[in-house]
Amino acid sequence: MLKGKQFSRREVLSSGARVGAFTILSSSALGRAGALPPSDKLNIAFIGIGITGWTNIRMLASQNIVGLCDVDWRTPAELGSRANDMASATIQKYPDVKRYDDWRVMLDEMDKQIDAVVVSSSDHTHAVAALTAMKRGKHVYCEKPLAHNIDEVRAMMKAAKKYPHQATQTGFQGHASEDVRSIVEWVQNGAIGEIKEVHIYQQGARRPTSGNRSASASAPGSAPNAGPGPNGAARPGGLPAQDQIAHINDVVPVPPEVKWDLWLGPAPNRNYNPMYIPLRWRNWLDFGTGILGDHGPHFFDPVVWSLDLGCPTSIVADTEAEYDPATNNQMFPRTATVQYEFPANGKRGPVHVTWFGDLTPPVPDGWDPNRPLPDGGGIILGSKGSIVYGPVYSSNPGAIKQAWLVPDDLDKSYVRPAKTLPRPESHWLDWANAAKAGEQPSGNWTYGGLVTQICLLGNVAIRLKGQKLLYDAKAERFTNSHEANQLFPRTYRKGWELPSV
């Protein structure tokens with residue numbers, strides 16, 4: 001017996017997995033009163049508990065929820081639509097769980113009580129929070145996109161490699177679905193033959209437009225969804241991008257329930273405005289990753305996985321004509337197409353992938369022209385037919401079908417292969433179970449980091465529209481554009497720097 005050393009619950013979890021033993025430990029052995037055996041439940045703290053955060057809480061409700069953190073505690077009366085998904089509603093369902101405004105304080109105060117952390121905050125805070133939790137020895141589930149920029153994603157991938165016994169997971173939940181795993185098996189079984197081209201898309205995203213209309217063209221509050229906000233403030237969020245940008249210096253009172261400085265986190269200082277929160281921050285460069293960062297990881301996942309794509313060799317993007325990145329350094333464009341070239345790999349030849357952002361791709365041969373394509377998803381084009389898939393992130397085993405073989409003759413004649421990939425109970429429990437075993441789920445940051453980087457490299461091309469960028473995967477740099485490489489990192493406010501790995 002070893003004396004003089006206090007083993008943490010994390011060490012117990014991982015060491016038990018390494019030796020293959022199953023041991024039921026008492027609460028006193030685990031170092032906290034009332035603890036369940038390590039084979040049973042994780043103690044999880046949540047950073048961001050509205051909308052997606054609330055979904056993650058529900059999906060992990062079988063575990064011990066020990067800490068809840070958010071920065072916007074406005075009530076349903078103040079928030080209006082979707083208020084029941086917001087933090088103020090979530091906290092009512094867990095009145096006995098400790099509540100925090102600042103996740104740094106939560107991790108400090110509850111360190112020994114927390115096994116794992118789920119990060120569901122705004123994109124620009126993902127990496128700082130997730131890496132801080134990793135350095136404290138926690139398992140971490142981080143929503144997609146893993147980070148706000150490419151350097152942050154790489155730091156997270158590096159952390160995952162450094163701490164192999166801490167389970168990481170990327171929040172593209174369709175990765176565990178029957179649809180995605182069937183797509184991978186069909187492609188690798190040759191269902192649609194040789195694949196040279198893929199279309200991935202999100203249509204009808206209803207993002208703010210990025211035209212260069214003058215502010216006088218539409219007064220604040222005149223556009224749809226731009227009516228009065230709290231305290232009578234205008235909601236410019238429904239206006240064209242240039243009109244919204246004109247309001248970034250407005251002085252609007254911060255609602256007392258909004259912890260604005262904490263919401264900004266690592267982002268540069270700017271005035272509060274209801275055009276940012278809730279839900280409207282994603283199209284701002286300082287906070288979000290646009291449509292491609294938002295939906296891209298969901299829809300690239302089955303393609304990257306089934307074709308073992310790796311990194312692209314070249315990328316070029318175009319947007320609506322009105323978007324001029326030289327004069328708009330605040331927001332993403334409303335629409336974009338991004339052309340990726342991926343090199344041959346093994347027996348597979350090169351693959352051309354096109355992203356259609358808020359646009360509709362061409363309908364593949366064999367698809368009923370009277371049947372609309374799903375609002376978002378992908379089309380994998382093969383020599384024998386195609387696979388069309390929809391919003392796989394919303395599907396769970398037994399849910400509505402989101403993947404189709406076309407044409408119908410192929411769908412009817414194709415003999416499905418044996419299911420060779422595991423079918424986890426859910427993406428969330430796949431992570432929780434891996435954490436208990438000291439293992440990694442298949443959506444870990446190594447793989448999820450690759451998918452996220454592909455999307456964020458496309459965002460670099462969007463911001464340099466019209467330039468064909470040549471990428472060296474080994475050097476992790478564009479070879480023909482210093483300007484593009486300068487978009488990989490970001491600067492951080494004092495006190496919110498990215499933790500070293």
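Read the figures in this text as sums done on the coordinates, not as results from a lab. The structure presented is a predicted model; accordingly, all values stated were derived computationally and were not measured. For neighbour counting, all protein chains shown are included, and Cβ atoms are generated from backbone atoms with ideal geometry for every residue, glycine included.
Descriptive notes on the structure:
- In terms of distances greater than 22 angstrom between alpha carbons, the cross-link table entries LYS135/LYS158; LYS93/LYS135; LYS41/LYS419 yield LYS93/LYS135; LYS41/LYS419.
- Selection from GLY390, PRO369, ASN345, by position along the positive dipole direction of the stretch 334-412 (Cβ): ASN345
- Put simply, when 480-489, 426-435 are sorted by average Cβ atoms within 10 angstrom per residue, most first, you get 426-435, 480-489.
- Aspartates and glutamates with Cα under 14 Å of LYS112, excluding same-chain neighbours fewer than 8 positions away: GLU11
- Computed lengthening from ASP250 to GLU439, 0.36 nm per intervening residue step minus Cα-Cα distance: 63.1 nm
- Set of aspartates and glutamates with alpha-carbon distance to LYS494 below 20 Å, sequence-local pairs under 8 removed: ASP101, ASP102, ASP108, ASP123, ASP151, GLU152, ASP261, ASP286
- Residues of type lysines that LYS465 reaches as a straight line, Cα spacing below 21 Å, ignoring anything fewer than 8 places off in the same chain: none
- Loop-located trypsin sites (Lys or Arg not before Pro) across the stretch 436-501 with a Cβ neighbour count of 16 or fewer within 10 Å are LYS468, LYS474, ARG493, LYS494, with loop assigned by DSSP.
- Checking every one of the trypsin sites (Lys or Arg not before Pro) in the stretch 284-355 against DSSP loop status and a limit of 16 other Cβ atoms within 10 Å picks out LYS347.
- The local environment of GLY466, defined by Cβ-Cβ distances under 15 Å, has a net charge of -2 under the rule Lys, Arg +1 and Asp, Glu -1.
- Centre separation in Å (Cα based) which lies between the stretch 273-313 and the stretch 109-144: 20 Å
- Peptides 362-374, 270-282, 169-181, 94-106 ranked from most to least packed, by the mean per-residue count of other Cβ atoms within 10 Å: 169-181, 270-282, 94-106, 362-374.
- Anisotropy class of the stretch 306-449 from Cα gyration tensor, a/c 1.5 cut: oblate
- Filter on LYS138/LYS161; LYS162/LYS347; LYS347/LYS468 - keep pairs with C-alpha separation over 22 Å: LYS162/LYS347; LYS347/LYS468
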